[in-house]
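Heads up, the thing below is written out as structure tokens.
Computed from the coordinates by the stated procedures, all read-outs in this text should not be read as laboratory data. Just so you know, these numbers come straight off a predicted model, no measurement behind them. Please note: Cβ atoms are built from the backbone with ideal geometry, for glycine as well, and neighbour counts cover all protein chains shown.
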Amino acid sequence: KNQVEQSPQSLIILEGKNCTLQCNYTVSPFSNLRWYKQDTGRGPVSLTIMTFSENTKSNGRYTATLDADTKQSSLHITASQLSDSASYICVVSTRDYIPTFGRGTSLIVHP
Amino acid sequence: GAGVSQTPSNKVTEKGKYVELRCDPISGHTALYWYRQSLGQGPEFLIYFQGTGAADDSGLPNDRFFAVRPEGSVSTLKIQRTERGDSAVYLCASSPGGGITEAFFGQGTRLTVV
């Protein structure tokens, strides 16, 4: 069964600090991995998309990594801001483009 | 339109009633997805349309749920004989194609079955 596991479930950090969120998956056959940011009451917004051949991709203060061998990805947030408080969802899609969503990591940034 | 539009934004219905949830994708997007998100959970895949046809409906939980997209644009998710366990936020997303392209989400419809 295709699964996506995210850790930690929730995280609280101080404004200005860095943090790293983890995603492990067992989706097969793998096509791509995406990280989404979901603010409370809003739909998810895409941060990064990575295919099998990509190891890292950045979007401003967000940097995602992918290790297709170990089936792990991470999302690193640099110099966190209050507006980074949200749920971060890892989504892995098969070659049929059917996505499997993780449960998300809830990030709270305190001033 | 500028983005994916879902209506209504909130729907409260009585158990056993029929509901329809509407999704207007971004103009020109051929791929359309429906998801269901319960509180504190990630979105759960329901169905994927490529054009007018359902390319994959394996996520629909049972035969009370079905969705249509008759003209390859607007889609309607229909739930018959609603149950309290159907209460969730129903999200719709669209993308230019079924490949590795960014999917854009609507704000969702919050369905509450009482």
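Annotations for the structure displayed:
- Highest-fluctuation residue, A:32, A:24, A:59 considered, GNM on chain A with Cα pairs under 10 Å: A:59
- Global size of segment B:62-114 as Cα Rg and Dmax, reported in angstrom: 13.2, 39
- Couplings 3J(HN,Hα) of segment A:63-80, computed from phi: 10, 9, 10, 9, 10, 6, 5, 8, 6, 10, 9, 9, 10, 9, 10, 9, 6, 4 Hz, in residue order, whole Hz [Karplus 6.51 cos²θ - 1.76 cosθ + 1.60, θ = phi - 60°; x for Gly and Pro].
- Here the protein assembly as shown is treated as an ellipsoid with the same Cα gyration tensor; its semi-axes, largest first and in whole Å, are 29, 20, 16.
- Taking B:53, B:97, B:85 as the candidate residues, the one with maximal mean-square fluctuation in a Gaussian network model of chain B, Cα springs under 10 Å, is B:85.
- Compactness index (Cα Rg / 2.2 N^0.38 Å), segment B:16-78: 1.11
- Here the average projected area of the convex hull drawn through the C-alpha atoms of chain A stands at 6.5 nm².
- Cα convex hull of segment A:19-82, projected area averaged across orientations, nm²: 4.8 nm²
- For the protein assembly as shown, size of Cβ-based charge dipole, Lys and Arg +1, Asp and Glu -1, in debye: 420 debye
- Residue B:78-residue B:110 pseudo-label distance in nm [points 7 Å out on the Cα-to-Cβ vector]: 2.8 nm
- Segment B:1-53 and segment A:64-96 have Cα centres separated by 24 Å.
- With a Förster radius of 22 Å applied to the beta-carbon distance between residue B:102 and residue A:61, the computed FRET efficiency rounds to 0.70.
- 3J(HN,Hα) couplings calculated from phi for segment A:33-45 with the Karplus curve 6.51 cos²θ - 1.76 cosθ + 1.60 (θ = phi - 60°) are, in sequence order, 10, 10, 10, 10, 10, 10, 6, 4, x, 10, x, x, 10 Hz; Gly and Pro show x.
- Spin-label model, residue B:66 to residue B:20: label points 7 Å out along the Cα-to-beta-carbon direction sit 1.4 nm apart.
- In plain terms, the bigger the Kirkwood radius, the slower the diffusion; for chain B, with that radius from Cα pairs, at 37 °C and 0.692 mPa s, Stokes-Einstein puts D at 236 µm²/s.
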